[in-house]
Every structure is written in C-alpha cells, then in structure tokens.
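The values are calculated or read from the model by the stated rules, or taken from the named source; none is laboratory data. Here the structure is a predicted model, which is why all the values come from computation and not from measurement. Methodologically, a virtual Cβ is constructed for each residue, glycine included, from the backbone with ideal geometry; neighbour enumeration extends over all protein chains shown. SASA here: full protein model, heavy atoms, side chains in, ligands and nucleic acids out. Shrake-Rupley method; radii C 1.70, N 1.55, O 1.52, S 1.80 Å.
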Amino acid sequence: RPRVLSGIQPTAGSFHLGNYLGAVRQWVDLQDTHDAFYAVVDLHAITIPQDPKELRASTRLAAAQLLAAGLDPERCTLFVQSHVPEHTQLAWVMNCLTGFGEASRMTQFKDKSARQGAEATTVGLFTYPVLQVADILLYQADSVPVGEDQRQHIELTRDVAERFNSRYGHTFTVPSAFILKETAKIYDLQDPTVKMSKSAASPKGVVSLLDEPKASAKKIKSAVTDTGTEIRYDEKEKPGVSNLLVIYSTLTGTGIPELEQQYAGKGYGALKTDLAEVVAAWVTPFRERTQEYLDDPETLDSVLARGAEKAREVASRTLAAAYEKVGFVPAK
Ligand code: ATP
Ligand code: MG
C-alpha cells in the first residue's frame, strides 16, 4: 500500500471548514487505500507563543476532532508529533541540507513573520518548513494530502529529499503533494482573497467547526458577496459566491452546476440561509462526537500512545538509516 502522512496544528482549538474540506476529509478517505499516518503537530504550534495549559488542552482537542471527523485508529496511525522524538532529530539533519536562501523564500514564513514583526519572529518559525520536511520523510510518505497553501513546503520537501538521496545514496521516498482541486483553498468569508486560517486576524470570516451552529449561521449570512445578484461559480468575478458554492457543494455532494440551477433567479440571501443549515447539519453531530472523545480522556490518551508507538517503529528505522548515511557513529 502506498503511504500518506499529514499533520494539523493544535492552535486555535477548533478546526475550521478550510482544514476539514482542504485536508481532513481526504485523510478520512485515504485510510481505506493507503497506509496512513496523521499527526497533531504540536511542535509546529510553538513557533508562535502558546499558553502551556491551552496547548495541552488544544492538542487533545485536535485529536478528538480528528476522531470525530472519521479517523479510525484501527485503520490509520494517529499520533502527537512531540511523542516521536525522531521528528526533531531528523529535522536537524535537514536544517543542515536546506539553503538559507531557499528557506527565506517560503511565502508562509514571509506572511506570518510580517504579521508578527521582526522582533517577535522566532528562528523556529523560520525553520518550521524544515521540520515539516522531516515529518514527511521519516515515514517514507508517497503522498501528502494538504491544502494549496502547503504546496511550496511539499516542493521544498522534494528538493531536500532529492538532495539527500544524491549526496548520500537513496534513503528517502520523494513525496508528492495530494491536493484536491475543488477544495484546495477555502477562502475567508470576510475576505475571499485570503485563505480561511486558524491564525486569521479576525474570526469573523472563519467558520470554526466547534462554534455554535447559530454563530456559524451568522458568519455565513454576513459573508462578503459580490456585486450583482446572480449565483454562479466564477472565481475571478465572484470569489465570495464561488467560495460559498464550493463549501455547499462539497458538504452535500451536490455538483456546482446543479446548485447554480437550483438557485437560478434566487438571491444571495437564499443561498446563505440554506448553506447555514447545511453547515449546522454537518457540525452538530461532529461537535457531539468531539465532546464524547473529550469526555473520555483515558481512551483518547491511550489511542495517542498506541499511535506514537506505531509511528516510532517506522520513524526510528528511517532515522537510523539517515544517521548511518550521514556518517554518525552508531551508539552501541
Ligand atoms: P495557520 O493559518 O495558523 O497556519 P491553518 O488554518 O493553515 O493554520 P494548519 O493546521 O496549518 O491550519 O493546516 C492544516 C491543514 O489544513 C493543512 O493541510 C492545510 O493546507 C489545510 N488548510 C488550512 N487552511 C485551508 C484552507 N483555507 N483551505 C484548504 N485547506 C486548508
Ligand atoms: Mg497552516
């Protein structure tokens, strides 16, 4: 079976619709066809300041949401990144294979550091993509299911893997990004030119899956739409409406052309009201399931412990091979 690896940050507590439609939904499907490894990437979360208590809670909350979304520990390996020390160990080697200029070109770093200001920006935020390189290569992943915003980091992973392989001999599978075109980028409801994001400046355009359905309905109803009245998919002329159509279509399985037909002659208000209901119908059982997993922390922690054990079996083998290739003397 081909292998997949992906991760999600435990920041902000709740996942948002972009995380689900862009990534997690694919993770659920890939369990049936792939040897799947999924991580709550807490090491990545501390690239921006985190309150320790909140981080601990949001890490368990992230795992609970992944289970609620349909990850099944019998069919995939679900673990917490910091439970597998090989990630940071391999990251160091990868840091020493990544060009400073190469890392400086990462647009997510440029965006996030610009938002934070130079003084508040850490070296961790800068080398975050290199830790991600290690995350992926440790599992010899063939493909990495992510949103469009991660494409550049997967390209970096490929480049570094190829560099390692050509310098030291074949060691790592060179992975491909797995990005579904329709849901590659879900946009912020208040600004349909930027992606919906956990670290958005304002929560107003972000549909968090753990929000009260009423709060989500309010956000959807006040979504920025476009001039005109026609409900039609057109990324350029109608980015706001197109984003709503994509969300509607993927949550219900109704094709966009059918939706366009269904809403012919109707206004934006009708689309928004119905979409609010569609979202409520999806999040209501999701929120309940998440709460059930949270109510049983012992089971949750034991799922994560077993996941870490399974992950380490693979990760430790890869790390040992990489260390050997680099020329480190094995500790006996
Ligand atoms: P941040 O903005 O702080 O980086 P995030 O919202 O991007 O947070 P992550 O945990 O970094 O959340 O991403 C988890 C997964 O969700 C990644 O695969 C990412 O590509 C995907 N993703 C995030 N936002 C979107 C979006 N708006 N549309 C599609 N996929 C997304
Ligand atoms: Mg992100």
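Can you find a residue that is open to solvent by less than 70 Å² (accessible area, probe 1.4 Å), more than 30 Å from residue 99 (Cα to Cα), of a type outside the set (Phe, Trp, Tyr) and within 9 Å of ligand 1 (Cβ to nearest atom) anywhere in segment 204-211? Show your work before the answer.
Restricting attention to segment 204-211, the residues satisfying the condition of being open to solvent by less than 70 Å² (accessible area, probe 1.4 Å) are 205-211.
So of that shortlist, the ones also more than 30 Å from residue 99 (Cα to Cα) come out as 205-211.
If we keep only those that are of a type outside the set (Phe, Trp, Tyr) as well, we get 205-211.
When the remaining residues are screened for being within 9 Å of ligand 1 (Cβ to nearest atom), the result is 206.
Yes: segment 204-211 contains one or more residues that are open to solvent by less than 70 Å² (accessible area, probe 1.4 Å), more than 30 Å from residue 99 (Cα to Cα), of a type outside the set (Phe, Trp, Tyr) and within 9 Å of ligand 1 (Cβ to nearest atom).
Scan (1) more than 26 Å from residue 211 (Cα to Cα); (2) modelled with pLDDT of 95 or more; (3) open to solvent by 50 Å² or more (accessible area, probe 1.4 Å) for the single condition residue 307 breaks and write down its number.
Condition not satisfied by residue 307: (3).
Being surrounded by fewer than 22 Cβ atoms within 10 Å (Cβ to Cβ) and not small (Gly, Ala, Ser) is the filter; apply it to segment 141-152 and report the residue that is nearest to residue 200 (Cα to Cα).
For segment 141-152, the residue satisfying everything is 149.
Against the condition within 30 Å of residue 318 (Cβ to Cβ) and within 16 Å of ligand 1 (Cβ to nearest atom), how does residue 148 come out, does it pass?
Yes.
I want to confirm something. Restricting to segment 155-190 and keeping residues that are of a type in the set (Phe, Trp, Tyr) and in a strand (DSSP E or B), which single residue is farthest from residue 140 (Cα to Cα)?
It comes out as 187.
Mind listing whichever residues of segment 221-263 are of a type outside the set (Lys, Arg), without any contact (Cβ under 8 Å) to a residue 12 or more places away in the chain and assigned to a loop (DSSP other than H, G, I, E, B)?
227, 228, 230, 235, 237, 253, 254, 255
Which residue pairs have Cβ atoms under 8 Å apart, sit 6 or more places apart or on different chains, and have a first residue in segment 8-34 that is over 21 Å from residue 212 (Cα atoms) and within 11 Å of ligand 2 (Cβ to nearest atom) and a second that is open to solvent by less than 20 Å² (accessible area, probe 1.4 Å) and of a type in the set (Phe, Trp, Tyr)?
8/15; 8/38
Restricting the search to segment 112-137, which residues are under 17 Å from the mean Cα position of the chain (by Cα) and either within 16 Å of ligand 2 (Cβ to nearest atom) or open to solvent by 40 Å² or more (accessible area, probe 1.4 Å) (or both)?
112, 125, 128, 129, 130, 131, 132, 133, 135, 136
Can you confirm whether residue 164 is farther than 30 Å from residue 272 by Cβ and over 17 Å from the mean Cα position of the chain (by Cα)?
yes
Identify the residue in segment 178-204 that is among the small types (Gly, Ala, Ser) and away from ligand 2 (no atom under 14 Å from the Cβ) and, among all such residues, is farthest from residue 220 (Cα to Cα).
Within segment 178-204, the match that is farthest from residue 220 (Cα to Cα) is 201.
So if I check each of 318, 290, which one is crowded, with 17+ Cβ neighbours inside 10 Å, of a type outside the set (A, V, I, L, M), touching a Leu at 6+ places or on another chain (Cβ under 6 Å) and assigned to a helix (DSSP H, G or I)?
Going through 318, 290 in turn, just one is crowded, with 17+ Cβ neighbours inside 10 Å, of a type outside the set (A, V, I, L, M), touching a Leu at 6+ places or on another chain (Cβ under 6 Å) and assigned to a helix (DSSP H, G or I): 318.
I'd like the full set of residues that are open to solvent by 40 Å² or more (accessible area, probe 1.4 Å) and within 21 Å of residue 221 (Cβ to Cβ), limited to segment 245-255.
The one that is open to solvent by 40 Å² or more (accessible area, probe 1.4 Å) and within 21 Å of residue 221 (Cβ to Cβ): 252.
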